[in-house]
Amino acid sequence: MLVHLSQRWEYVTSLYESGKLEEEGGSESQEVLEDMLVRHLTREHLELLKISLVDTAGGGGGGGETGDMEEESAAPQRAPEHVSELGALVLAVPVLGPTVLHTILRALTWNDSTSSLRACALALPALRAALAAGRVGAADASGALAAVLQALRTHGQHDANQAALLALAVQ
């Protein structure tokens, strides 16, 4: 999934850089749809990672998708401090753990400020858990810092992203 999303984001970024998504006209409708689909897929994948890593049984009582969306935008929730029991198990898997961390760090830099903000909320607890388990080396730590700095370069103009990324960089 990481490879697929990375390839799609490279394609969408190249469309923005070439100006194809900013021009008026009907011939770009395929590119606009591609952009929307990649953003939606990224957000859904990050939601799956959030449920896997940090959700600790929040309420659960039905509600539906619309209620969840209204709830999320009306009262922003505080970023979790630690991973759940399931999250610790996911991060402990030798193949899955590093892939999940890499996906979260890559999502910080993709050209979608909402996805970057969601990834930022996942990065700190995931990195803390991986550090506590001794699964993060010096190269991984420097890669994480480089991802945060790249994300600041990409999304620093947004106040929420800037604050979250600076907090992540300092910790």
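The values are calculated or read from the model by the stated rules, or taken from the named source; none is laboratory data. These figures come from a predicted structure and were not determined experimentally. Don't worry about glycine lacking a Cβ; one is built from the backbone with ideal geometry, like all the others, and counts go over all protein chains shown.
For ALA160, indicate whether it is assigned to a helix (DSSP H, G or I) and surrounded by 15 or more Cβ atoms within 10 Å (Cβ to Cβ). It is false that ALA160 is assigned to a helix (DSSP H, G or I) and surrounded by 15 or more Cβ atoms within 10 Å (Cβ to Cβ).
Does ALA144 fit the bill of being within 23 Å of GLN7 (Cα to Cα) and of a type outside the set (Lys, Arg)? Yes, satisfied. Screening LEU166, LEU101, LEU145 for residues that are closer than 25 Å to ARG8 by Cβ and either among the hydrophobic types (A, V, I, L, M, F, W, C) or at pLDDT 90 or above (or both) leaves exactly one candidate, LEU101. Do you know which residues across the stretch 90-114 are crowded, with 23+ Cβ neighbours inside 10 Å and of a type in the set (Gly, Ala, Ser)? Result: ALA107, single match. Take the conditions (1) at pLDDT 90 or above; (2) within 23 Å of ARG43 (Cβ to Cβ); (3) part of a helix (DSSP H, G or I); VAL83 misses just one of them, which is (3).
Of the residues in the stretch 54-64, not one is under 24 Å from VAL12 (Cβ atoms), part of a loop (DSSP other than H, G, I, E, B) and at pLDDT 90 or above. Can you confirm whether the stretch 122-139 contains a residue that is in contact with a Leu (Cβ under 9 Å, 6 or more places away or on another chain), surrounded by 22 or more Cβ atoms within 10 Å (Cβ to Cβ) and β-branched (Val, Ile, Thr)? So far as the stretch 122-139 goes, no, none of its residues is in contact with a Leu (Cβ under 9 Å, 6 or more places away or on another chain), surrounded by 22 or more Cβ atoms within 10 Å (Cβ to Cβ) and β-branched (Val, Ile, Thr).
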